[in-house]
Amino acid sequence: MDEEGGEEFSFYNEWGKVTRFLTPTEEEFIWKYDAECRLQQEVFPSGLTKYYTYDSSSRLVNIKDSMDSEISLFYNERGCVCERRTRLNERNW
């Protein structure tokens, strides 16, 4: 229950990851995972959807959304994020 007494419902997959959440006002959040249990897709009540892409080392390399926004992550030789770029090729760090 939330602080106002409404019921919230959470649903989980076999790995214990939340796959669906319903708010007391029946707003629905959805999460989808790939075979390696990495977040692949996130759907918000507004309809906005985010898509996540990973490299062969399972590092997050790209986030796109249904509003045509995009963020790409780049890693250094130590595996740390060293650069973040938007769709307009702007460097954020």
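The values are calculated or read from the model by the stated rules, or taken from the named source; none is laboratory data. Note that the structure is predicted; figures quoted are calculated from it, not measured. Note: ideal-geometry Cβ built from the backbone for every residue, glycine included; neighbour counts use all protein chains shown. For accessibility, only protein heavy atoms count, side chains too; no ligands or nucleic acids. Shrake-Rupley method; radii C 1.70, N 1.55, O 1.52, S 1.80 Å.
Out of the residues in region 12-33 meeting the condition of being basic (K, R) and part of a strand (DSSP E or B), tell me which one is most open to solvent (accessible area, probe 1.4 Å).
K32
Per this entry, R78 is not counted among residues that are in a strand (DSSP E or B), over 13 Å from the mean Cα position of the chain (by Cα) and without any contact (Cβ under 8 Å) to a residue 40 or more places away in the chain.
Each row is one residue, and each column tells you yes or no for (1) modelled with pLDDT under 95; (2) part of a loop (DSSP other than H, G, I, E, B); (3) under 13 Å from the mean Cα position of the chain (by Cα).
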{"residue": "S10", "(1), (2), (3)": "no, no, no"}
{"residue": "Y52", "(1), (2), (3)": "no, no, yes"}
{"residue": "K64", "(1), (2), (3)": "no, no, yes"}
{"residue": "S72", "(1), (2), (3)": "no, no, no"}
{"residue": "E83", "(1), (2), (3)": "yes, no, no"}
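Here is the figure for region 34-43: residues that are open to solvent by less than 60 Å² (accessible area, probe 1.4 Å) and outside any strand (DSSP E or B) total 3.
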